[in-house]
Amino acid sequence: MTSTLLRTQESMLRELDSRVEFAMRPDLASLVHWKQNNTAPVHRWYRYREGFSPKLIDVLGLGDRILDPFAGSGSVMVGAAERGLSSAGIDVNPLATFVAGVKLAPLSREQIAMVGAHIELIQSGRFATEEWPIPALNIAHKLFEPTIMTAMMQLRRTIEDHVDDDAVHRYLLLAWISSLESVGSYFKEGNGIKYRNMKRAPISYVRRPEGEWQRARFGDDQRAFAVQTYTRRLQDMLEDEGRIDRGAWSPQRIETGNAAEVLPNLHGEMDSILFSPPYANRFDYFEALKVELWFGGFVSTYEELRKLRKSSMRSHLASDLTQPSASLEELSGLIALMDESSYAMRTRVPGLLAGYFDDMRKVLEQCRRLLARGGRVFVVVGNSAYAGVIVPSDALIAEIGRRVGFSNVRVSVVRPLAVAPQQRLRLDGLSQYMRESVVELW
Ligand SMILES: C[S@@+](CC[C@H](N)C(=O)[O-])C[C@H]1O[C@@H](n2cnc3c(N)ncnc32)[C@H](O)[C@@H]1O
């Protein structure tokens, strides 16, 4: 990018920022990430990498009725329930709403006893010898060692054939789903999955010796490893039932669907709306979660998966980029500065960005409609960069918020974001605009 273009970009970014009140809130940095939930009761039942900490509810001072239209695994909703507050949530991913639903549904004493009896059955080794069918995902056989696959599919058959109680069935299924990655030959990384037989080396990945990595990871008895992982997960879940007062939880409501389509059907007033949408960074959540989606039975054909991808927010290239989008002048100005020959420009990124902020507008319009007098909306979002240009999602969301009728907007910068190596040289002097923020609207 020439220095003239860089200067033009900087003045555009500065001008956009000048319309908003800014604050620095590094104290929120650890709360907009999953890490703290790894050990927190109930939250730890499924590691949702994109989740954030329910402590945000306290720090941001949320009111009694909370809405999270991008609820993910329901961290905010579980946090609301724990605090005796009520919440409503939406997420387009049926795996996410399943996880949230199980976490939000306390078991009765009888149901807890049924889970206990199931653990004993599994530990005694008297579970199904027949296997549940392997899903039609084309990489299914690469994902697990054959012995582990057999054990997991027998455990699944036991869950499906021997458990009548719906809540207990869902509870066991969650433990099984959340064991998959631990017993698998893959792990989630970046925008997808990687295989454990490959090790990261300075320049590329190298193959690990066959047999060696399996022993290091699973020990000598792979079947026992799979069974123990599943039963331990269930024991942890049961332990959490005793660590929190689930009896005092308020009822919460979670729906599966596209927020822009579900929100218009919601009625009633919300005191606080807190959400973190996907960032405009091409990250496709369905890619990294595809193993759980297929093995959990949330999709059974590629067409079903494609439809889910299409209905998600236009933050990635598999979403529906054919939909029309209202234009946003400030965004078009920035897109005009992007390097025409870049990969991003060739892969429909301008359409993606127009769609992203149009989806955001629809969501913010609904948030404004649903917000009670004196209520506030908080949007946790990160900026991105394409073809030598920074897309300041936080300032643009603040601007859209004002246009849909919010009188006040504030951007609290939580932490700087790293610029990808290929962008670093081109963004000389602009890196301070790469940041993660909480946009507050009221
Ligand atoms: C950053 S995550 C939110 C995580 C959540 N705060 C938590 O703590 O688990 C963004 C979520 O938005 C969801 N999503 C993407 N497009 C959506 C849409 N159109 N409507 C509703 N949810 C959507 C994704 O499935 C993902 O779970």
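The values are calculated or read from the model by the stated rules, or taken from the named source; none is laboratory data. Note that the structure is a prediction, hence the values are computed from the model and not measured. Using ideal geometry, Cβ is built from the backbone for each residue, glycine included, and neighbour counts are taken over all protein chains shown. Areas reflect the complete protein model, heavy atoms only, side chains present, ligands, DNA and RNA absent. Shrake-Rupley method; radii C 1.70, N 1.55, O 1.52, S 1.80 Å.
D428 contributes about 110 Å² of solvent-accessible surface, heavy atoms of the protein only, 1.4 Å probe.
Taking all protein chains into account, the per residue accessible area for the range 287-331 stands at 43 Å² (1.4 Å probe). Ordered by 1.4 Å accessible area with all protein chains kept, D68, D165, D220 run largest first as D220, D165, D68. With both labels modelled 7 Å from their Cα along Cα-to-Cβ, the N138 to H169 distance reads 3.2 nm.
Using the Cβ-Cβ distance between R196 and L238 with R0 set to 25 Å, the FRET efficiency works out to roughly 0.30.
Note on the range 296-442: with charges restricted to the Cβ of Lys and Arg (+1) and Asp and Glu (-1), its dipole about the Cα centre is near 400 debye.
Once you reduce the range 321-396 and the range 195-241 to the center of their Cα atoms, the two points are 40 Å from each other. Taking only protein heavy atoms and a 1.4 Å probe, the accessible area of the chain is 50% carbon and sulfur. When nucleic acids and ligands are ignored and a 1.4 Å probe is applied, Y302 ends up with an accessible area of around 110 Å².
Select from the range 126-192 those GluC sites (Glu not before Pro) which occupy a DSSP coil region and have at most 15 other Cβ atoms within 10 Å, ordered by residue number.
E130, E131
Both numbers refer to the Cα atoms of the chain; Rg and Dmax are 23.1, 73 Å. FRET efficiency for the pair E120 and E304, taken as 1/(1 + (r/R0)^6) with r the Cβ-Cβ distance and R0 = 30 Å, rounds to 0.25. Take the Cβ atoms of I203 and L317, set R0 to 41 Å, and the FRET efficiency comes out at 0.90.
Pairs of alpha-carbon atoms within less than 8 angstrom and 6+ residues apart define the contacts here; what relative contact order does the chain have, in percent?
Values: 734 pairs, mean separation 86.8, N = 442.
For the chain, the relative contact order is 20 percent.
Where does the Debye-calculated log10 I(q)/I(0) of the range 206-335 sit at q = 0.12, 0.13, 0.19 Å⁻¹, using only Cα point scatterers of equal weight, no solvent? After summing over all Cα pairs, the log10 values are -0.88, -0.98, -1.26.
Heavy atoms only, 1.4 Å probe, whole protein assembly: order W176, W249, W132 by accessible area, highest first. Working shown, then result.
Working: W176 0, W249 35, W132 70 Å².
Heavy-atom accessible area, descending, gives W132, W249, W176.
Take M12: with every protein chain present and a 1.4 Å probe, its accessible area is about 60 Å².
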